[in-house]
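Enquirer: A single structure is presented below for examination.
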Protein chains: 2
Amino acid sequence: MNATTLAYRLHQRDIRAESLLRDCLARIDAREPVVHAWAWLDRDAALAQARLLDDGPVRGVLHGLPVGVKDIMDTCDMPTAYGSPIYAGHRPTLDAASVALTRAAGAVILGKTVTTEFAVFHPGPTTNPHHPGHTPGGSSSGSAAAVADRMVPLAFATQTGGSIIRPAAYCGVVGYKPSFNTLPRAGVKPLADSLDTIGPLARSVADAALFAAGASGYHDLILRNDEAPVRPRVGLCQTWEWEQCEPAQQQALLGSARQLSRAGLALTPLTLPQSFVHLADAQMTVMLRQQFQSLSFERLHHWQELSANLRDILERGAQISDASYWSAMRLIQQCKGQLRDLFRDVDLLLVPSVTGEAPEGLRHTGNPIMNRIWTALHGPALTLPVGTGPKGLPTAVTVVGMEGSDIHFLKAAQTLETMLEHTNYA
Amino acid sequence: MNATTLAYRLHQRDIRAESLLRDCLARIDAREPVVHAWAWLDRDAALAQARLLDDGPVRGVLHGLPVGVKDIMDTCDMPTAYGSPIYAGHRPTLDAASVALTRAAGAVILGKTVTTEFAVFHPGPTTNPHHPGHTPGGSSSGSAAAVADRMVPLAFATQTGGSIIRPAAYCGVVGYKPSFNTLPRAGVKPLADSLDTIGPLARSVADAALFAAGASGYHDLILRNDEAPVRPRVGLCQTWEWEQCEPAQQQALLGSARQLSRAGLALTPLTLPQSFVHLADAQMTVMLRQQFQSLSFERLHHWQELSANLRDILERGAQISDASYWSAMRLIQQCKGQLRDLFRDVDLLLVPSVTGEAPEGLRHTGNPIMNRIWTALHGPALTLPVGTGPKGLPTAVTVVGMEGSDIHFLKAAQTLETMLEHTNYA
């Protein structure tokens, strides 16, 4: 059952939070030895939370729903290690703001999910639930695997490059990167201030919207059943990174576009302006410089405990001049303006989610190249699973919207979700 | 002596960090009972740091300089209370990134300076060093008072509304709000993610630039003596908030403009576009909503320990709809674009710093209305003291530049600083 249905039944007291949680724990018991999605799990504390909710009034829109929290977010009652040995056993004094809001909305915080080291590249032990020899993607590895494997209906993810969208696509779940600063970042370990975005992993658009509403403290985002569906104008946008996509991803996009056309949506092929050619590089420049700055304490005091890859990344960041940094920021601003112009004619862009199916091996978390530009541009992005590819692993497409249009965006994404159900184009 | 001269002599080993620090401590001993600038001071630890620096190699651009850290920024060796009883005695496990960089550049972290509650409005005990019956401004109250009172040459400030520029103007020091995300925010208690900006308080433009270079980890910002001075084109900009300025502030601006004209600068009167009329309101909308989100843990778990004023602010934030929030964000984006257009014809805008001299009384920290729009627009802003007003308290003018132009901006601001020295127009 999806989170929206569960939430309704929990509100009606049709089902108990405790029994739902026990189902999740049973699934975790069965699968965790292979999937390794969790960095910390406290069954007894979660069961106590659930019983409290069952015995008290309905708390809010997430009442009784079990939620996984990426271990880059502070929690006041669970250790928070940010995927780094430096912080093994670290105990924050407070909950990240989004976690506090999620608890206040009635959710049961089940545990902490595996993140790569400081949400950069060095992976944890998580495997792809569809095939344990393949990466689940990163940096929100544990959250994506846990939701995909039905260990938990909802989990927090964060994205600086492609860490919501990519693991969602690799694991076959809905990943929603809301407009920048929709969910508050207080208490989330900062990586790159101009890019870091918190978002839900879920199993449907409505579930992602419900979770974002609870975690942001604003309920306008919840999708209502009683409204007529939105029929968005869709721009089909291969992006300048198209040639880096494997045939399976290209087919997923083009097949999905054909299906949407057949279902009666207006689809317009769109080419992004020439300035977008260098946008992924600009995102990288900003990310490298801001990562270098944000992780200063760890770089200066814990150098030996950083992975070799992260050390290399931080050293690259140190070299970026003020001129290169602001030139990258200006390009991002310019592209933001051009994107606003494009959104006069379309409501959504349909774009590739990733370069292909989840790569084999657990030492890398895959390539975020298809996501970088959309992170920099700050608008909402949402990944919809569309069947499986030649390796038998999930394929997906991503929809992208205008910054600040999330309510309309989610309704439109739900229309596409319905039209793309039970399809497989790869 | 200013920080730049001190830094040179410390590098040359002409003076010892320890003796400089002892001078600062003597000043603090004499004045702290009246000024109340410090939330925490550890003389012995600071002296030990200074001796280590004297006995070792030159560490970096801030070698041996004593620095005050606003108590909204985490420090690994000093308590960090964020101006709130909730966090009395709180001990973070790491330094804020900017503090870590400042230490690595050789600075002596002398102690923590008084902040208002969570850098919002509820004041601490700090008084204006020019008159103990008047506010020093806020939220960076202790940092501004400490620099103005010559207790320390440099101190950290942060601004979400007007918390760098306003206390700098009230206390008669240079306050520099760099372009957004120039100094890293990791480890600074978040208030409003789209607005929070860290910046230096200092006694000259060169000092502010030197400090920003050390605290950002990038040295491009340091002003060089060997370059020809910049002669900027200046726009004289009364702003739509002009009528809220007292005559003393109006005179400070207009008198400074006349002086710059006489000194040969090209001054152009500029009117901001009509859209800027509602920009201060938009900044308030964004700030209220993001504050409500960022302080979720405290609101949900420590309501009784929040000031009545902050509770009211958080309740107002809870009421802001998604539509109002994004409408405010769009207005800010629009004005950013229009401001970029204005900067085709001028290098700097000369604008009012505050509404007037520091108000009497310590229960309020004064009005940030003259600063709100410039915080939202993300460009550099710097306050230059220009004498005293009718109450005998400092007056100031602010220069504003284009986002990302900080190197050129600081050089240009230095030209104005020289031209406005020894003047008094209020």
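The values are calculated or read from the model by the stated rules, or taken from the named source; none is laboratory data. It should be emphasised that the depicted structure is a prediction, and the values quoted were computed from it without experimental measurement. Backbone-built Cβ (ideal geometry, glycine too); neighbour counts: all protein chains shown. Keep in mind that these areas ignore ligands, DNA and RNA; they rest on the heavy atoms of the full protein, side chains included. Shrake-Rupley method; radii C 1.70, N 1.55, O 1.52, S 1.80 Å.
Enquirer: Could you give each residue of region A:91-105 its phi-based ³J(HN,Hα) in whole Hz, using Karplus coefficients 6.51, -1.76, 1.60 with θ = phi - 60°, and x for Gly or Pro?
Expert: 10, x, 8, 9, 7, 3, 4, 5, 5, 4, 5, 5, 4, 5, 7
Enquirer: Moving on. Over chain B, with a Gaussian network built from C-alpha contacts below 10 Å, which listed residue (B:LYS391, B:LYS189, B:LYS336) shows the highest mean-square fluctuation?
Expert: Residue with maximal mean-square fluctuation among B:LYS391, B:LYS189, B:LYS336: B:LYS391.
Enquirer: A follow-up question, please. Test of understanding: what is the full-extension gain from B:GLU360 to B:ASP312, defined as 0.36 nm times their sequence separation minus their Cα-Cα distance?
Expert: 14.9 nm is the gain from fully extending B:GLU360 to B:ASP312.
Enquirer: Then there is this: Between B:GLN274 and B:HIS131, what is the label-to-label distance in nm when each label sits 7 Å out along the Cα-to-Cβ direction?
Expert: The modelled label-to-label distance comes out at 4.1 nm.
Enquirer: Please list, in order along region B:149-158, the HN-Hα scalar couplings obtained from phi with the Karplus expression 6.51 cos²θ - 1.76 cosθ + 1.60 (θ = phi - 60°), rounded to whole Hz, x for Gly and Pro.
Expert: 8, 6, 7, 7, x, 9, 8, 7, 10, 9
Enquirer: While we're looking at this one, here's another question. Under 10 Å, Cα contacts only: if you run a Gaussian network model on chain B, which one of B:PRO190, B:PRO178, B:PRO229 comes out with the highest mean-square fluctuation?
Expert: Checking each option, the largest mean-square fluctuation is seen for B:PRO229.
Enquirer: Can you pull out the GluC sites (Glu not before Pro) in region B:191-267 whose DSSP state is coil and whose Cβ has at most 16 other Cβ atoms within 10 Å?
Expert: Passing sites in region B:191-267 are B:GLU227.
Enquirer: Also: Measuring nothing but label to label, 7 Å from Cα along Cα→Cβ, what are B:PRO247's distances to the other copies in nm, shortest first?
Expert: Inter-copy label distances (nm, one decimal, shortest first): 8.3.
Enquirer: Select the chain A residue whose beta carbon lies nearest to the rotation axis carrying chain A onto chain B, and write the distance in whole Å.
Expert: Spelled out as residue then distance in Å, it is A:GLY337, 3.
Enquirer: What does the copy distance list look like for A:MET1, label position 7 Å along Cα→Cβ, in nm and ordered from shortest?
Expert: Those separations, rounded to one decimal, come out as 7.4 nm.
Enquirer: Could you go through region B:31-43 in sequence order and give the Karplus-derived ³J(HN,Hα) for each residue, using 6.51 cos²θ - 1.76 cosθ + 1.60 with θ = phi - 60°, rounded to whole Hz, and x for Gly and Pro?
Expert: Here the 3J(HN,Hα) series is 10, 4, x, 9, 7, 6, 7, 10, 8, 7, 9, 10, 4 Hz.
Enquirer: Roughly how many Å² of B:GLU421 are accessible to a 1.4 Å probe, to the nearest 10?
Expert: Surface accessible to solvent at B:GLU421 totals approximately 100 Å².
Enquirer: What are the semi-axes of the equivalent ellipsoid for chain A, taken as the square roots of 5 times the Cα gyration tensor eigenvalues, largest first, in whole Å?
Expert: 30, 27, 20
Enquirer: Another question, then. Under 10 Å, Cα contacts only: if you run a Gaussian network model on chain A, which one of A:LEU53, A:LEU410, A:LEU348 comes out with the highest mean-square fluctuation?
Expert: It is A:LEU53.
Enquirer: Here's a follow-up. If amide H atoms are built 1.01 Å from N in the plane of the peptide, which residues on other chains or at least 5 residues away come under 5 Å of the amide H of A:LEU154?
Expert: A:GLY68
Enquirer: A further question on this structure: Using a label point 7 angstrom from Cα along Cα-to-C-beta, what distances in nm, from shortest up, separate B:GLY337 from the other copies?
Expert: 0.7
Enquirer: Report, by chain and number, residues whose modeled amide H sits under 5 Å from the one on B:ALA39, excluding near sequence neighbours (fewer than 5 apart, same chain).
Expert: Those lying under 5 Å, H to H, from B:ALA39 are B:LYS112, B:THR113, B:VAL114.
Enquirer: Give me, ordered by chain and number, the residues 5 or more places off B:GLY235 or on other chains with an amide H under 5 Å from its own placed amide H.
Expert: Amide H to amide H, under 5 Å and 5 or more residues apart or across chains, B:GLY235 pairs with B:THR268, B:ASP347, B:LEU348, B:LEU349, B:LEU350.
Enquirer: Can you give the FRET efficiency for B:ARG27 and B:HIS408, using 1/(1 + (r/R0)^6), R0 = 45 Å, r = Cβ-Cβ distance, to the nearest 0.05?
Expert: The value I calculate is 0.80.
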